[in-house]
1. Out of 497, 510, report the one residue that is at pLDDT 90 or above, within 17 Å of residue 427 (Cα to Cα) and either in a loop (DSSP other than H, G, I, E, B) or in the same structural domain as residue 439 (by TED's automatic domain parsing) (or both).
2. Here is a check on your reading of the model: is residue 137 in contact (Cβ under 8 Å) with a residue 24 or more places away in the chain and surrounded by fewer than 19 Cβ atoms within 10 Å (Cβ to Cβ)?
3. If we only count strands (runs of 3 or more DSSP E) wholly inside region 363-450, which ones have 3 or more residues that are in contact with a helix residue (DSSP H, G or I) (Cβ under 7 Å, 6 or more places away or on another chain) and at pLDDT 90 or above?
4. Across region 515-547, which residue is nearest to residue 578 (Cα to Cα) among those that are in contact with a strand residue (DSSP E or B) (Cβ under 9 Å, 6 or more places away or on another chain) and part of a helix (DSSP H, G or I)?
5. Mind telling me which of the residues 96, 107 ends up being at positive phi and touching a strand residue (DSSP E or B) at 6+ places or on another chain (Cβ under 8 Å)?
6. For region 548-573, give me each residue that is assigned to a helix (DSSP H, G or I) and within 20 Å of residue 611 (Cβ to Cβ).
7. Looking at residue 532 and the list (1) in contact (Cβ under 8 Å) with a residue 12 or more places away in the chain; (2) assigned by TED's automatic domain parsing to the domain that holds residue 357, which single condition is not satisfied?
8. What is the one condition in (1) at pLDDT 90 or above; (2) closer than 30 Å to residue 492 by Cβ that residue 327 does not satisfy?
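The values are calculated or read from the model by the stated rules, or taken from the named source; none is laboratory data. Given the structure is predicted, the values throughout are model-derived calculations rather than measurements. Don't worry about glycine lacking a Cβ; one is built from the backbone with ideal geometry, like all the others, and counts go over all protein chains shown.
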């Protein structure tokens, strides 16, 4: 495997010969692997200033110095460079440092840089580290700060080319910043002498160089590696799969973080086959992933468990379980190279009250043992343009920055969960940009700069899209009705969802990330409504007997009247049935128990359901009482 040279390194090699001022931004606080043999050994791990020192040394530069506002000018890699810089600028070092304030005209650090770049005797490189910290704000700088940046600007204009044994080299200053807009825009905009180079997190090729080859053994304790090595030497294909999975899961990690994984893997005595488990330990603080602990056999009869709680939605439950089974078996991401995407993505659509939220709660209980692991977000609360800050956290300096975001905080607290985004169509369109990143990359950086991972979550969107549409006059009218067969309902709802994302919202890429995981729930039909009614009554009877020692019986005639009222209007789905039960059974029964001072140990019979409510009698009294 050939060593990979990072893109930013290749850019630097091109532009350092033609530009006297280079601004380096991005992942500048990381460490980097030196890619070539030269003044330092190939593969050495270095901070950026030291990396640049050896890079410019190998090019033939004879004077290289660092500068930051705390230490002044110095070079921890070679005292001779400081002596040459001191003679060049007529300055006096103090214990290897030239103390110099950044601000000001004559005598300032910027003025010394201008002097160094203006001479033509010795090829010189000045590396200005932590340049984002030289001033408080690029928008409100005082005159002394303006003078300093003007000196640097003049240095870029007056910089000389120097002939030496290595050829002709350009005196150069490199400014290392977190973001290029940390320094005044007038300093670099429209300046043909300035080049900005961005450093990202390690590419896949760079991560392969770190993980494969001679570096691989350093990830494991010596005896663990010796124990595992013989098997993988005989099965190189399996070793490559282990390495490739680890490389895929570390997308977006810095070199520093990958080195931390290496040490953690060794300290925890993790075996080669379990190499990727160290990522869960690093991200979440857990060594045992709950997904790995799931019993596949328990999911063979999962549909029956779901159907006991969610009535009349067999096709929707079947499709939902297909997605979950892919996640449980680790097949969710086999089609693509990305390993960090969420475990599963589902889009629940259909009429209100048909079991969408109940299905999500059932999933949470089945997967993680507790339906509270289903974290619900009502998207009508995120309908304003600034709602993304509420969800993900305000940026530094804004009100509420310290609190973080509601979504990112929830996932940090419980990374193994189901995220339920209810009525997604009510969210502000800017929220969809964030969802796009979560669905594609499985991670998000919050307002505090912390990376939050969604790779162990199931993400569920719910929506009432497609139930109603607007005609040419803008009047809302039903798109689907209960008298339609389910296949027709499913087809029309899916088409309306596609039209919404493609035509109305203009974000077809969101739809592409969801793919074929749109699950359409059917209307609550009469036979399903009766199942729901029976289920609710059975639950009431059971709870009364267990909690209050009241044995409740409902006569057939009373049940038929309650059923007739429940079936009168199914437009509100299961919630509507629950409202009827509450209005005609629970509330009147509660008043009766209160008025008669009944606390338990009785048999209660519901004889009738009148327009005012249930008609009941107790076994002891043997008289019929009308509950008002």
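1. One residue alone meets the criteria, 497.
2. no
3. 374-378, 418-422
4. 537
5. Selected residue: 96, the only one of 96, 107 that is at positive phi and touching a strand residue (DSSP E or B) at 6+ places or on another chain (Cβ under 8 Å).
6. Scanning region 548-573 gives 556, 557, 558, 559, 560, 561, 562, 563, 564, 565, 566, 567.
7. Checking residue 532 against (1) in contact (Cβ under 8 Å) with a residue 12 or more places away in the chain; (2) assigned by TED's automatic domain parsing to the domain that holds residue 357, the one that fails is (2).
8. Every listed condition holds for residue 327 apart from (1).
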